[in-house]
Structure formats: C-alpha cells, structure tokens
Amino acid sequence: MIAKHIEKLAPSGIRQFFDLVLGMPEVISLGVGEPDFISPWRARERAITALEEGMTSYTSNKGLLVLRQSIANFFEKKHSLRYDPEEEILITVGVSEGLDLALRAIIEPADTVIVVSPHFVAYPALTEIAGGKVLYLMTDPKEGFKIDVQKLKELLKEDPKAIILNNPANPTGTAYNADELKKIWKVLAPKRTLIISDEVYDELNYEGKPVPFSSLGKEAKERTIMLNGFSKAYAMTGSRIGYACGNKEIIAAMTKIHSFSMMCASIISQVAACEALKAQKEVVQMRMEYKRRRDFMVKELNRLGLYLEKPQGAFYCFPTLRKFKIDSLEFAKRLLFEEKVAVVPGGAFGEGFSSYIRISYANSFDNLKEAIVRIERFLKKL
Ligand SMILES: Cc1ncc(COP(=O)(O)O)c(C=O)c1O
C-alpha cells in the first residue's frame, strides 16, 4: 500500500525516543527542542481579541499582507535587507512547512541536496520525500562542527541542486560569523546550487549578531531561500508560523504548492505573530536567560566529563560520551530509566554521531540543576 520511498524512510530518532518518555512521571526532559517559556503576552492577547473580533476566515494564500509587511520592515531595519512583501515573502506553517515547500518547489527526480551533518532530523527526510538524494557534508567537532570549505568544494562537483544551511545549528549550537559565511559563499558563488538557509535560531546567538545568508550580497540573496519563524525566539511553537523570503519565482512556486496543500496558515496565529514582532524586549530577556543556562550547562557537563566546546547559539549542548565508552542510545535509555532524565541520542542527527548526546537547555534553571545532580549520580555507575 505504501510508496516505497516513504516505507524506507526511517522514523524520526527524536520522536521514537520520546514515545518512551511519554507517560513516565517525574522525568526532566532535556530532549525536545521547544522553549519552556510561553509566548509573549501581547501576542496571546492579540490572538484573544482577534477571536473576539470574529477573525475566523482563511487569509490570502501568501499570508496576511500586514504580517508580510511587518516582516519586510523588520529585516530592512535590522539587516538592511529588502524583500518585497507582495512577491518575495510567504507565510508558512512553521519553518517545517517552509522547508518542505522549498525542497518540493526545486527538486526533480535524481537531484541532490547537501545536508551538513550532524543535522536537524527533517532535512534528509524532507529531501527524500521530495524525491531528492542527500549528499552528507560531515563536520568535525575539532573544527567546532563547522563546514570545511574543501569538503564542500568536493561535493559541489556533483552539481547539487541545493545546500541546506542552518545557522545557528541544531543539534550542535554552532553559529557562523559573517567572515565564515563569506568563505562558504565564495565557494558556492561560481556554482548554480541554491541555498536553503534555515535561520530559525538566528535571534538565539549568544556571541555575535545574526547574519542572514542573503545579506552577503545581491547574488547571494537571489540564490537564497531564507527560512525563519516564530517558534524559537518568540516561544511560539504552537502557533505554527514561519516565513520564507526569496526571489519571486521561487516564492511563487512555493506559494503554488502551499495554496493546494495548506491554503494558508491560521489567521489567529498570523495576527499573533504580527504582534509578537513588537515583543523585542521579551526576545532579549529570553535570550539572556538561555545564555545563563548555556554557561551553567557547559561548565557542569565539562566538569562531569561530558566534554564539549561552548556552543554559540540555539539552545542545545552536544557533548561527547568518549570518556565513558558507551553508545548514545544505551546511555540515553539507561539515563531515562535509572535517573529519569531524557536526552536525545546523537545517532538521531546523523550517522557517525552515536557517541554524542543532545541536551536541550530550554528548561527551567532549577530543572537543569536537578538534571545535573541526576546525571552525575548516573555517571558514577558507569
Ligand atoms: C533547525 C530547525 N529548523 C526548523 C525547525 C522547525 O521549526 P518550526 O516550529 O518553525 O516548524 C526546528 C525545530 O526544532 C529546528 O530545530
């Protein structure tokens, strides 16, 4: 009954693991990549009044113009980046839908897509669902899990249709500065490869300023599909609002698919997102709190022998288990059953990373402190 390419698709390593967690009481979950904060009050209040005003209809397929205009203004002010809200911005149901649309809009059978590994679980899956083939660009912890441009050059010989960049990255927290991105662009520029730039964690950069890939110049902007959204920095995962910015041909193609498959994102969520853009003070407060937690976790994990360099962004630590010589799936299962702390085994983020675990610090400081006590107790048993 099932299409072969779907049948052979591996289920999400994260979901698989979290089916185990569901229903277990007293578990401290450092697993899912979801803010522990609730959405800013002004966004929630706007959603309530929108409902009271009777906003219960579809919107334009592209999304409410006022939201597209607000996003365009935001990028113009913050990054001097100009996108035409009429033709170059599409409101999506989270960055997840943006990724799916971007890949489906550009991939033809046998096209290849570069995925930088370790990677967000959806990248290879959505590429394969769209009929493409994945080319993995492996990164090295010794280089901070950053792209080696020589390796990139090699893969570009295969003339891939696209590369998916993620800055800052899930699961490593690696963030690229402008100079590093320029070096990557220099290698990409002479080719035709499109850049799908997932910047959903851009506001969660603790060392530097966010640098949109499309801000590198006119041609970089033409070739980049910039994906972003409200889930992480605005703590609005449940609202399911993302956006894609890019050249008008690509945005039109993505809109075509979206108009048949999704029609539009929820109107309530769109008005709430519009309001959320004004909640910059809350975004800064959340960022500062994540930074405080990151500093605590990095110090404690290194003390316990779960070594890692300081991640610059997102809200994850990706330490190695090499000192303990144990596979990450066994580690994660035993930690869950013996000490009730949930982390994600590294193998979920790519082959070759099964001696790492991903720990999300999007959890309260008290829970993080308690988790460290439990992890320390667990490690003594190994
Ligand atoms: C790198 C990355 N991209 C996209 C997403 C999906 O975000 P959204 O909630 O906007 O669909 C996530 C969620 O964990 C993510 O980590």
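The values are calculated or read from the model by the stated rules, or taken from the named source; none is laboratory data. Worth saying up front: this structure is predicted, and the values here are computed from it rather than measured. Note that we place each Cβ from the backbone using ideal geometry, even for glycine, and neighbour counts take in every protein chain shown.
Odds and ends about this structure:
- Members of region 177-199 that are outside any loop (DSSP other than H, G, I, E, B) and small (G, A, S): A178, S197
- Failed item in (1) within 16 Å of the ligand (Cβ to nearest atom); (2) touching an Asp or Glu at 6+ places or on another chain (Cβ under 8 Å), with S354 passing the rest: (1)
- Positions within region 349-380 being crowded, with 24+ Cβ neighbours inside 10 Å and assigned to a helix (DSSP H, G or I), in sequence order: F349, A371
- Verdict on R294 being in contact (Cβ under 8 Å) with a residue 12 or more places away in the chain and closer than 19 Å to T174 by Cβ: yes
- The listed residue being over 30 Å from F337 (Cβ atoms) and surrounded by 16 or more Cβ atoms within 10 Å (Cβ to Cβ), out of S57, S70: S70
- Taken as a whole, the condition of being more than 16 Å from the ligand (Cβ to nearest atom) and either assigned to a strand (DSSP E or B) or outside the structural domain of P212 (by TED's automatic domain parsing) (or both) applies to L135.
- The test for being in contact with a strand residue (DSSP E or B) (Cβ under 9 Å, 6 or more places away or on another chain), farther than 22 Å from G350 by Cβ, of a type in the set (A, V, I, L, M) and within 16 Å of the ligand (Cβ to nearest atom) holds for I241.
- Test: residue in region 200-215 that is assigned to a helix (DSSP H, G or I), within 16 Å of the ligand (Cβ to nearest atom) and not β-branched (V, I, T): yes
- The residue list I91, I163 contains one member that is in contact (Cβ under 8 Å) with a residue 60 or more places away in the chain and of a type in the set (V, I, T), which is I91.
- Any hit, region 140-161, residues being under 17 Å from Y201 (Cα atoms), out of contact with any Leu (no Cβ under 7 Å at 6 or more places or on another chain) and within 12 Å of the ligand (Cβ to nearest atom): no
- Residue within region 217-227 that is near the ligand (Cβ under 10 Å from one of its atoms) and either at negative phi or surrounded by fewer than 19 Cβ atoms within 10 Å (Cβ to Cβ) (or both) present: yes
- Flag for I257 being crowded, with 22+ Cβ neighbours inside 10 Å, not hydroxyl-bearing (S, T, Y) and not assigned by TED's automatic domain parsing to the domain that holds T320: no
- Qualifying residue in region 204-211 (condition: under 17 Å from F75 (Cα atoms) and crowded, with 24+ Cβ neighbours inside 10 Å): yes
- Looking only at region 120-158, and only at residues there that are touching a residue at least 40 places away in the same chain (Cβ under 8 Å) and not hydrophobic (A, V, I, L, M, F, W, C), the one that is farthest from G246 (Cα to Cα): P141
- Of all residues in region 1-26 being surrounded by 11 or more Cβ atoms within 10 Å (Cβ to Cβ) and small (G, A, S), the one that is modelled with the lowest pLDDT: G13
- Selection of first residues in region 341-370 that are over 26 Å from D140 (Cβ atoms) and of second residues that are polar (S, T, N, Q), restricted to Cβ pairs under 6 Å at least 6 apart or on distinct chains, gives the following pairs, ordered by first then second residue: A342/S29.
- Counting residues in region 103-121 that are part of a loop (DSSP other than H, G, I, E, B), more than 16 Å from the ligand (Cβ to nearest atom) and among the aromatic types (F, W, Y) gives zero.
- Only one of the listed residues (S60, S70) is more than 16 Å from the ligand (Cβ to nearest atom), among the hydroxyl-bearing types (S, T, Y) and assigned to a helix (DSSP H, G or I). That residue is S70.
- Evaluation of R240 against the conditions (1) on the phi > 0 side of the Ramachandran plot; (2) surrounded by fewer than 17 Cβ atoms within 10 Å (Cβ to Cβ); (3) of a type in the set (D, E, K, R) shows that the sole unmet condition is (2).
- Of everything listed in (1) within 16 Å of the ligand (Cβ to nearest atom); (2) surrounded by fewer than 17 Cβ atoms within 10 Å (Cβ to Cβ), the single unmet condition for K191 is (1).
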